[in-house]
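First comes the structure, then the notes that go with it.
We did not get these values from a lab; they are worked out from the coordinates using the rules stated. Owing to the predicted nature of the structure, the values given are computational and were not obtained by experimental measurement. Cβ sites come from the backbone with ideal geometry, for glycine too, and all protein chains shown count toward neighbours.
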Amino acid sequence: MKDNHQQSSATSHLLKRQSIQRKLPFLMFILLVVMMLAFGFLSYLGIRKTAEEAAKERLLILSQQLAGMYTQSAIPVLATTRAAAANNAVRSFLLSAGKDSAASVDRLLQKLKLDSTWINVQLLDANRQELAASNPSDMYDSLKLSTIIPGYPSTADTGLVSRLYVKGEAFYYAICAAVVHEGKLAGYLLRWRKMYNSKENIERVSQLLGKEVVLYVGNADGSLWSDLRTTVDGLPATAGVDKALITYKRNDKGYLAAQSLVFNTKWKVMVTMPRANVLQPANEFLKIAISSAVLLLIIGIILTWLLSRSITKPVEKLAAAAEGI
């Protein structure tokens, strides 16, 4: 115990004997380091926050614009389908359980197949039983046709675009319109279409979105996501939520994402960006700040040493003169 006390006293005595010329540069150095670390850290956090907010705003705007484009493209298709559902021949056909106006209905169904992407047009009765089709096939049962109708307004002459379905390597969806007669449901008109995206269109969209920004289109309930080529697993979903901002991880990589609903459809679009890309400006600033801090510290040490000499030298001379008296 006595040895420890003597050692502590010796250390304290040694510090007291250190000249102000040595103490002042050390204290100024510590102050400079603390100030630079605090300034650099706060600046880094500010740049990082600003970069993330700007990226989220950009993604949200992109998702809304793309959702709006899909909404606008669905409008004429829905209008054509509703007009066909309101056709007198269609109503007569459904009300007669497929006996009347069969030839007219067959011509109409074939006419509604505008190109090769339109693979089938169906007429269902109020009990969802098929009465006519331009291309009879059991494929549409395997696409879970019954999931399209539940929740559909059965007494309103409106329409919707179904969610996406996968068959093999292709994506399909149906445009559905209710056939209404004197305020009562008579049946449904469904137009099945294959989603087609050419390689050129996908590349064009990628160029418009920018580097590392990816567009996904999927079902609003999150049951399926597509990158316009194939299905994609591991993506988040906010069922029924519009204009959602999300942070998630996929394959051990962080992402920022924005999701927006496509109105009059069961679809949702999502635009994503790697979080590392978002934080790149902040990380670059941090590298520059560290390099600058090292350089400034070296300069600061030299300046504080020179400054301390200019301050302490006259004091030491005065002290020496006082001792000589």
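At 7 Å along Cα-to-Cβ for each site, give me the label-to-label distance between A86 and A103 in nm.
Simple spin-label model gives 2.7 nm for this pair.
Under a plain spin-label model, where a point goes 7 Å from the Cα along Cα-to-Cβ, how far apart in nm are E169 and K253?
For the pair E169/K253, the computed spacing is 2.3 nm.
Using a 7 Å offset from the Cα along the Cα-to-Cβ direction at both E203 and F263, what is the distance between the two label points in nm, to one decimal?
3.5 nm
Using r as the Cβ-Cβ distance of D233 and K111, and R0 as 25 Å, what FRET efficiency do you calculate, to the nearest 0.05?
Details: r = 39 Å, r/R0 = 1.56.
Computed FRET efficiency for D233 and K111 comes out at 0.05.
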